[in-house]
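A short worksheet on the structure shown next.
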Amino acid sequence: MPPSLPPYLLLQTSPTRRRRSLHTTASFPAGTTLVTFPAPLLALPSGPAALTTCNYCLQTSPAPSEGTGGGSSSRGKLKACTACRSAVYCGPACQRAHWRAGHRGECAMLARVRREAGKEWLPTSVRAVAQVMVGLAKKGGGGGKEKEKEDAGGQGLLLLKEAFGEGEGALEGNVDGFRAAGEEVWRDLELQATAAVVYAGLLGEGGGVVERAREVLCKIQTNAFNRLDPDAGMTGIFLDPGLAMINHSCVPNAFIGFDKRTAVLRAARPIEEGEEITISYIDNNLPRAARHEALRLYHFTCDCLRCKDDLDVYEVCQASTAIPLNSFSLQPDLSKLRNPPIDRAKVTKAEVEAIYKKWQALAKPEDDDEAEHLRLAQARWELCRPLVEAKMWAVEPLPTTILELTTSWQTSYKMVVYALPLVCFLATECDPFKMVAPFMAWRIKDMVAAIKLLAVTGEFTASGALATRCTHEGLVGTLAMADQVSMCEALLRLAVHHGSVGAAQDWEVLKEARSMLADLESLEGREQESSLLRAWARDPEDPEGAAFFESQVLRPIRTLSSFAVEILEAMLAGKSLVRR
């Protein structure tokens, strides 16, 4: 069985396809940490990231250099294992912990792979299967069961054998489902399993070892989580038997965040006593057909309310009990969230499905050719034209189209000024509808991106360079009149508050926001503005603080946001908004 859960979370067994599910015996407000999972069976960085990520705590850093003379090698903060040189660590504590958690069993294997195959890293799935197979092959030492408990996987060899065994506590593998997925899928699983067995040095262990490795791989594919880091992107896999008991829903009431080697389960909205805890295994904002395609790996068809009634993001938002949390956000107009100003007559849900499918089929440029990237953006924008006309800004693939352009412009010397209206648009017209709870990491990231762009445009405004770089008179005039320092301070207070609820306390984005806020609070001559913003942050309904926030922060952000579509239309039509 999975590790013990807190008494307010109850694991239930059912004869239906959801034979295990996690339910609450109490009620919880949104943002509550329900449970943490600090000792996973597997926690691995992805592929080549093994050379730039601490293999124990999973913090990223520059890649280590080759060692000489048998000693540890390093570049930046990471040090490589002196034996295999394929696993790197923050320091001795992480290295010792990872040795006990599983590296003891794989170190010789990774050294052999480097020596005989010339590879510095293994694909994540192959490494994971090999690590499990090495653990399962252990017979235990003179210390008996107590010795076994000290070994692999961070939860003990006994839990590893139970999870990958056949008993009551075994993980579901969906082997028949993978076999039925087609010959190509089954052959690929066999290749990965064979590679794991060969690299682990277990090929001579007798018949059935490859089949056993394939079963292990099926269990990993079914139960492991993509350890999604809001900063670095996909950074590997995370497998904990308790976490694996939580079922999927496209309208989940909880979400998983990762804090180094720990997974944290938090309430995404208020949860009532007796409710089943659910999370989303996929991007649940995609159209229904795309969601079901993404769920094929898990071998079930979702029948949640969103899927049964084919609800779009606006309909899901309208029904969310998390809407009141937005009274302290960049979208405090709760009536807009409950009654979004969209025109459903402009585009049907079937048309949205077709748009998304065509959008996915567009070929991406293979290089950094600016003209090719512009043509792709133009084609995507035209495909999304019905969504633009319906003002359904939060319906995919329109927000991703805008986000990718925004990300590109943020790092462009010519276009950085125009990235600010796009970020404001995402933060006010897209994010609150897609992610209703304001403490979701991506909403916080967009606020911090706006803060950084305000800092850049603030320098341009102060130096007079803005008007020489930008031809959009409305943008220039709005920034010239705005109190950009107060805008930054308000956004930082939002980011710090919500980041403290929905993310790890040492999340880099949150730490950066706290540091920037401290710097702003130390500025002289801003006592009155800071006093009003502190009053608003303590109580969003404080009359003077709320009025200041509305006039000096929300109004200019809404104005900047209102320029976004005009700017996109002009740039994608080939008009230059950059002064020569």
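Say the dipole of segment 288-393 comes from +1 at the beta carbon of Lys and Arg and -1 at that of Asp and Glu; which of TYR314, TYR356, LEU297 then lies farthest toward its positive end?
After comparing all options, I get TYR314.
What percent do you get for the relative contact order of the chain when only Cα pairs under 8 Å and 6+ apart count?
On the way: 910 pairs, mean separation 72.1, N = 580.
Normalised by residue count, the contact order of the chain is 12 percent.
Expressed as an acute angle from 0 to 90° and rounded to the nearest 10, what is the orientation of the C-alpha long axis of helix 527-538 relative to the principal long axis of the chain?
With rounding to tens, the tilt is 50 degrees.
Using the C-alpha gyration tensor of the chain, what are the square roots of 5 times its eigenvalues, in whole angstrom, with the largest one first?
Working: eigenvalues 386, 152, 129 Å².
Calculated on Cα positions only, the semi-axes equal 44, 28, 25 Å.
With each run of n ≥ 4 DSSP H residues scored as -39500 (n - 2.57), what mean residue ellipticity at 222 nm is computed for the chain after dividing by its residue count and rounding to the nearest 500 deg cm²/dmol? Don't skip to the answer; put the middle values down first.
Values: 27 runs with 268 residues, N = 580.
The helix contribution divided over the chain gives -13500 deg cm²/dmol.
Less than 12 Å Cβ to Cβ from VAL185, Lys/Arg counted +1 and Asp/Glu -1: what total charge do the surrounding residues give?
On the way: positive: ARG179, ARG187, ARG214, ARG296; negative: GLU183, GLU184, ASP188, GLU190.
Charge balance near VAL185 sits at 0.
Round to the nearest 10 and give me the degree value, 0 to 90, for the angle of helix 370-383's Cα axis relative to the longest principal axis of the chain.
For helix 370-383, the angle is close to 80 degrees.
I need the GluC sites (Glu not before Pro) found in segment 294-399, filtered to DSSP loop residues with at most 11 other beta carbons within 10 Å of theirs.
Numbers: sites: GLU315, GLU351, GLU353, GLU366, GLU370, GLU372, GLU382, GLU389; in loops: GLU366.
The qualifying sites are GLU366.
Output the 0 to 90 degree angle, nearest 10, between the alpha-carbon long axis of helix 398-410 and the longest principal axis computed from the alpha carbons of the chain.
Tilt of helix 398-410: around 80 degrees.
Rank-order 212-221, 522-531 by packing density, defined as the average count of other C-beta atoms within 10 Å over each peptide's residues, highest first. Spell out each step's value before the answer.
Working: 212-221: 22.7, 522-531: 11.3.
Final packing ranking: 212-221, 522-531.
Can you tell me how segment 313-572 classifies by the Cα gyration tensor, rounded, prolate or oblate, using a/c under 1.5 as the rounded cut?
On the way: a/c = 1.83, a/b = 1.30, b/c = 1.40.
Because a/c hits 1.5 or more and a/b fails to exceed b/c, segment 313-572 counts as oblate.
If we count every other residue with Cβ under 11 angstrom of LEU311's Cβ, Lys/Arg +1 and Asp/Glu -1, where does the sum land? Present the calculation step by step, with values, prior to reporting the outcome.
On the way: positive: ARG288, ARG306, LYS308, LYS349; negative: ASP309, ASP310, ASP312, GLU315.
Here the charged neighbours net out to 0.
Can you give the relative contact order of segment 313-572 as a percent, counting alpha carbon pairs under 8 Å and 6+ residues apart?
Numbers: 272 pairs, mean separation 52.8, N = 260.
So the answer I get is 20 percent.
Read phi for every residue in segment 171-176 and hand back ³J(HN,Hα) as whole Hz from Karplus 6.51 cos²θ - 1.76 cosθ + 1.60, θ = phi - 60°, with x for Gly and Pro.
Values, residue by residue: 6, 6, x, 6, 4, 4 Hz.
If each residue's Cβ is checked for other Cβ atoms within 10 Å, how do ASP309, ASP333 rank with the fewest at the top? Spell out each step's value before the answer.
Details: ASP309 10, ASP333 14.
With the sparsest Cβ surroundings first, the list reads ASP309, ASP333.
Within 13 Å, Cβ to Cβ, of ALA419, how many net charges do the neighbouring residues add up to if Lys/Arg are +1 and Asp/Glu are -1? Intermediate values should be presented prior to the final figure.
Numbers: positive: LYS414, LYS452, ARG469; negative: GLU404, ASP446.
Local net charge: +1.
All of the numbers you see were taken from the coordinates with simple rules; none came from a lab. Because the structure is a prediction, the values reported are computed rather than measured. As a convention, Cβ positions derive from the backbone with ideal geometry for all residues, glycine included, and neighbour counts pool all protein chains shown.
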